[in-house]
Every structure is written in C-alpha cells, then in structure tokens.
Amino acid sequence: MKNLSFVKFVFASAIMLILFTVSTAYSQQKSKEAQQKGSIKLEYNYPAGTTFKYDSDTKIVEDMDINGQSMLVNIWMNMGCQVKSAGKEGENLKLEIKIDSMIQNVESPQGSAGGSISDVKGKAFNIIISPAGKSIDLTEAHSIVYTVEGSGERNLGETFLSYFPALPTGEVKPGDTWVSNDTVDTKSPTDTLWMPLESSYKFEGIETIDGIDCAKISATLSGTRKMTNQSQGMGDIHTSGPFTGTQELLIAVKEGYLVKESVTTKMTGNIEMPDQGYSFPVVMTITSTNEIVK
C-alpha cells in the first residue's frame, strides 16, 4: 500500500468530500416563534452592478491507523472567484461566476499530488439559484470540465452545487430555531457518495461587520458519509462513518449576499479495500471557510 496510487486514492476521496462538505437542505421544520412579529426574511439578492469576490479555503486531515501505525494525510483546496448579478429568472436569481484561481493539493508520507488547476482560471459561467440558495440550473457550470492529478475528471457543477448555504424559507427572529434534512446522493464514472445530513439551526441575531448588518446563523450538524472510489490497480475503496460538526453563517440582511460561511466536521469511520484485503480505521477532520474578500 505504500505507493503513489494509494495517495491518489486518498486525494480522489478527499476531493469528493471537499465538493460536498455541507449539503444544501430545504426540508425544514420551523419553530412557531418564526411566525411572530419582528421577524425578518433572509434571501439572496446580490445587487446589480457590484462584483463580490470570494476566497474559499478547505483543509482535510486524515489520520489512518494502518497495522498499528499512524499515517497522516493533509489535503488542501483553495478557490478564488467573483460573483455578480446577471438578472432574474422569474423569482430566481441568475448569477455570473468567474473563477480567479483553484488549487488542490495532498501531502502524505508516500508523496504528493495536485497543484494549481490552470484549466479553470478565467472561466465564466452563469448559474441560477432560488432566493433561499437552492441550485436551480447549473448547466453551464457542468459543461466546464477539468482534470486534477490523482482525482480524475471533475466539473464546476460539482463545486457550485452547494456553494451558497441554504437560508430559512420563512421569516425568523433572534432565538428562532429550525431543523433541515437533506441527502447528497451523487455518482460519477469513478465515485459515489451518499450522505444524509441533519442541520439544527439557530438565528443568533444581527452583527455589524464593516458597516453591514449581518444575520448570524449557527448550526450543529450530524450525518453519515458512505463513499466509494474506484482506483486503478486497487479495486473499489469504501470510506464510511458517522460525522458531527458545526456551521456558522453571516448573511448581509438588506443587500442579500453571503458574507462568510465556516464549517467544521469530524468523521470517525473505516476505509475498506476488499480486493486488497485491507480494512483500517480513519479519523477525518474537515475545516472550511468561504468569505468575502476585498
């Protein structure tokens, strides 16, 4: 197992986790207090004529116990992009996205893989989302395909499926709580991911950041990840286990745009390689932020 092909498997599985660190969730059970007076309704708007620049940073630490020996793998992804309004599609919001940069890298005792992805730099496309952040149309994003060393072919539709965090569909006021449930169930020629997620949200109140009134929303996360990757020469590789985590959102109340999202999750599970006869425990910690930059 001590070869670059194992590192490439780890990288491929990590990319799947990066793409779906938190799923969007829309089946909501809102608290009764959300219907009272004094509530606000949070919606994405992205005012016309303004370009918003974002920096997304994700770190994954995988600690694997292989035959009594610890093997630590560090994965890092960074993406810079610009978001601006491209008008309305009925009640939904059309956004133009332009990729400034994308880097994906993995480091382990067996070697490294990844690097800067020049194929997507400067690429622009439109997506359509609902006022609550649900992806409605990612056709143009799916058409932009790129290849990452160690993880095969990907497309930007995967990256932006849950780029905009889900907002409550009704009015909320400070102290309100609600629960969202969703399941990511995705397949590609080499990967599958099944991930049910429950998010328990709380509207903490309004914070002023750089002169902008922002709604602060916190959440506790819990769910299960079941992932399968096909690795040449190693057969199917299964990664599974329960995870818990936290999420924090800052949304510009009046202007209707994402200011910052922070997510941390920890999974304690197992990696199985039936064709190789291997099975060993893994602890996977994922920390990600996506925030406005000037």
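The values are calculated or read from the model by the stated rules, or taken from the named source; none is laboratory data. In this text, all values refer to a predicted model and were calculated from it rather than measured experimentally. Cβ: placed from backbone, ideal geometry, glycine included. Neighbour counts: every protein chain shown. With ligands, DNA and RNA removed, areas are computed over all heavy atoms of the protein, side chains included. Shrake-Rupley method; radii C 1.70, N 1.55, O 1.52, S 1.80 Å.
Pairing each residue of the stretch 232-245 that is at pLDDT 80 or above with any residue that is surrounded by fewer than 14 Cβ atoms within 10 Å (Cβ to Cβ) and assigned to a loop (DSSP other than H, G, I, E, B), provided the two are 6+ apart or on different chains, yields C-beta distances under 9 Å for ASP236/PRO274; ASP236/ASP275; ILE237/PRO274; ILE237/ASP275; HIS238/PRO274.
Scan the stretch 193-210 for residues that are touching a Lys or Arg at 6+ places or on another chain (Cβ under 8 Å), open to solvent by less than 50 Å² (accessible area, probe 1.4 Å) and under 30 Å from THR239 (Cα atoms) and report the count. Counting residues in the stretch 193-210 that are touching a Lys or Arg at 6+ places or on another chain (Cβ under 8 Å), open to solvent by less than 50 Å² (accessible area, probe 1.4 Å) and under 30 Å from THR239 (Cα atoms) gives 2.
Consider the stretch 173-191. How many of its residues are open to solvent by 50 Å² or more (accessible area, probe 1.4 Å), over 30 Å from GLY205 (Cβ atoms), in a strand (DSSP E or B) and in contact (Cβ under 8 Å) with a residue 24 or more places away in the chain? The qualifying residues number 1.
Picking from residues in the stretch 72-81 that are under 12 Å from VAL106 (Cβ atoms) and not β-branched (Val, Ile, Thr), the one that is least open to solvent (accessible area, probe 1.4 Å) is MET77.
Whether any residue in the stretch 277-291 is within 19 Å of ASN67 (Cβ to Cβ), free of Cβ contacts under 8 Å to residues at least 60 places away in the same chain and over 22 Å from the mean Cα position of the chain (by Cα) is what I want to check. Yes, that holds for at least one residue. Considering the stretch 91-120, and only residues there that are more than 27 Å from LEU249 (Cα to Cα) and open to solvent by 40 Å² or more (accessible area, probe 1.4 Å), the residue that is nearest to the chain's Cα centre (by Cα) turns out to be SER116. Looking across the stretch 244-265 at every residue that is open to solvent by 20 Å² or more (accessible area, probe 1.4 Å), assigned to a strand (DSSP E or B) and not β-branched (Val, Ile, Thr), the one that is farthest from PRO196 (Cα to Cα) is identified as TYR257.
Only residues that are part of a loop (DSSP other than H, G, I, E, B) and basic (Lys, Arg) were counted in the stretch 132-171, giving 1. Of all residues in the stretch 88-113, exactly one satisfies the criterion of being among the polar types (S, T, N, Q), in contact with a Gly (Cβ under 8 Å, 6 or more places away or on another chain) and touching a residue at least 60 places away in the same chain (Cβ under 8 Å), namely GLN104. Please verify whether the stretch 55-71 includes one or more residues that are acidic (Asp, Glu), over 21 Å from TYR146 (Cα atoms) and crowded, with 19+ Cβ neighbours inside 10 Å. Yes, the stretch 55-71 has at least one match.
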